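The values are calculated or read from the model by the stated rules, or taken from the named source; none is laboratory data. What you see is a predicted model; the values in this text were computed from it and never measured. Note: ideal-geometry Cβ built from the backbone for every residue, glycine included; neighbour counts use all protein chains shown.
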């Protein structure tokens, strides 16, 4: 299976990051690993894409961060805020609507 192009993820990165952080706080590299694991290895998102998105989500109030020692190293750990949970619910709803709409165009129709 091939990696998904980062351009193909444009517009969906926020939802992916919020979703990965829904269960527990994680540091940046663990977020990247979680994206890979949850996608079956298909999503290989570069750090240059993830870290700016994390900062943007934190500035929007969807994430909070703090420094923590993980494996003997100091790392910034991100967690979802209540505003982030609300945003994630909205992202999921928008995603379902989007995929339903696109599928209605792409899927073959029965003869009318």
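Residue 69 meets all of the listed conditions (1) out of contact with any helix residue (DSSP H, G or I) (no Cβ under 8 Å at 6 or more places or on another chain); (2) in a loop (DSSP other than H, G, I, E, B) but one, namely (2). With respect to residue 17, is the statement that it is under 24 Å from residue 94 (Cβ atoms), in a helix (DSSP H, G or I), touching a strand residue (DSSP E or B) at 6+ places or on another chain (Cβ under 6 Å) and in contact (Cβ under 8 Å) with a residue 40 or more places away in the chain true? It is false that residue 17 is under 24 Å from residue 94 (Cβ atoms), in a helix (DSSP H, G or I), touching a strand residue (DSSP E or B) at 6+ places or on another chain (Cβ under 6 Å) and in contact (Cβ under 8 Å) with a residue 40 or more places away in the chain.
When residue 59 is tested against the conditions (1) modelled with pLDDT under 95; (2) loosely packed, with under 13 Cβ neighbours inside 10 Å, the lone failure is (1). When the residues of segment 77-101 are filtered to those that are touching a helix residue (DSSP H, G or I) at 6+ places or on another chain (Cβ under 7 Å) and outside any helix (DSSP H, G or I), the one that is surrounded by the most Cβ atoms within 10 Å (Cβ to Cβ) is 78.
Does residue 95 count as over 19 Å from residue 34 (Cα atoms) and touching a residue at least 60 places away in the same chain (Cβ under 8 Å)? Considered against the rule, which asks whether it is over 19 Å from residue 34 (Cα atoms) and touching a residue at least 60 places away in the same chain (Cβ under 8 Å), residue 95 comes out as yes. Looking at (1) surrounded by 14 or more Cβ atoms within 10 Å (Cβ to Cβ); (2) free of Cβ contacts under 8 Å to residues at least 24 places away in the same chain; (3) in a loop (DSSP other than H, G, I, E, B), which is the one condition that is false for residue 109? Every listed condition holds for residue 109 apart from (1).
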